[in-house]
Amino acid sequence: MSQFLGGTLVAMLLTVGGGGKAWGVPFTDVVNPAPNVFLTSSNATYTFLHDISDTGFTAAAYTITEASIALLFADDDSDGFLNLQEEHVSFRFDGTTASVQEIDTGTAHFSIATHLLQSDGKVEVHLTRIDGDVYFDKSTLTAQATPTPTPTPEPGTWVLMGSGLVGLVGYGWRRKSLQPA
């Protein structure tokens, strides 16, 4: 009897106390222009849109907890045998303050403010060549989101918990009354 009551009590505490943790749901969007975009003096800017709403994200159902963008670049190596010229690119996300970085062949990583994606699941990326020339290969947006909790009606929760406790008391009383004295 005590084992049954102990197990039931633990199960009730986990259920009522919310013993589970909400796991993050990943959302990913890739922009991969074909052919690669050549950022040079005659073509100095490139703007594109990341959109995770087409992968199931809705602001009502999810809350974004973190987001990042990885941009892949390749140096064209046409700026000299020793490749002494540096390439600098300016990055803006939804009109935020620009960040300028020196770019070589490889990936540039950025953390994205979650409020930029939360309202509609979209973020506009604006690349501007400052000096040098470089190929933009692709961009990957990765966002982690947790499901938005649905409200539980309080009276229903308390009625359910109360009826469970009454049932346990009734079960214990019945078992006690059936035992020989």
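The values are calculated or read from the model by the stated rules, or taken from the named source; none is laboratory data. What you see is a predicted model; the values in this text were computed from it and never measured. With ideal geometry, Cβ positions are generated from the backbone for all residues, glycine too; neighbour counts draw on all protein chains shown.
Odds and ends about this structure:
- Given (1) assigned to a strand (DSSP E or B); (2) surrounded by 16 or more Cβ atoms within 10 Å (Cβ to Cβ), number of the condition GLU102 does not satisfy: (2)
- Candidates in region 138-152 are the residues that are buried (at least 16 other Cβ atoms within 10 Å of the Cβ) and farther than 10 Å from GLU66 by Cα; of these, the one that is nearest to the chain's Cα centre (by Cα) is LEU141.
- Contact map, region 138-152: residues that are more than 13 Å from VAL31 (Cβ to Cβ) paired with residues that are modelled with pLDDT under 90 and in a loop (DSSP other than H, G, I, E, B), Cβ distance under 7 Å, separation 6+ or inter-chain. Pairs shown: GLN144/GLY24; ALA145/GLY24; THR146/ALA22; THR146/GLY24; PRO147/ALA22.
- Conditions (1) surrounded by 11 or more Cβ atoms within 10 Å (Cβ to Cβ); (2) hydroxyl-bearing (Ser, Thr, Tyr); (3) modelled with pLDDT under 85; number of the one not met by SER42: (1)
- Region 90-133 - residue that is of a type in the set (Ser, Thr, Tyr) and within 18 Å of ASN43 (Cβ to Cβ) and, of those, modelled with the lowest pLDDT: SER90
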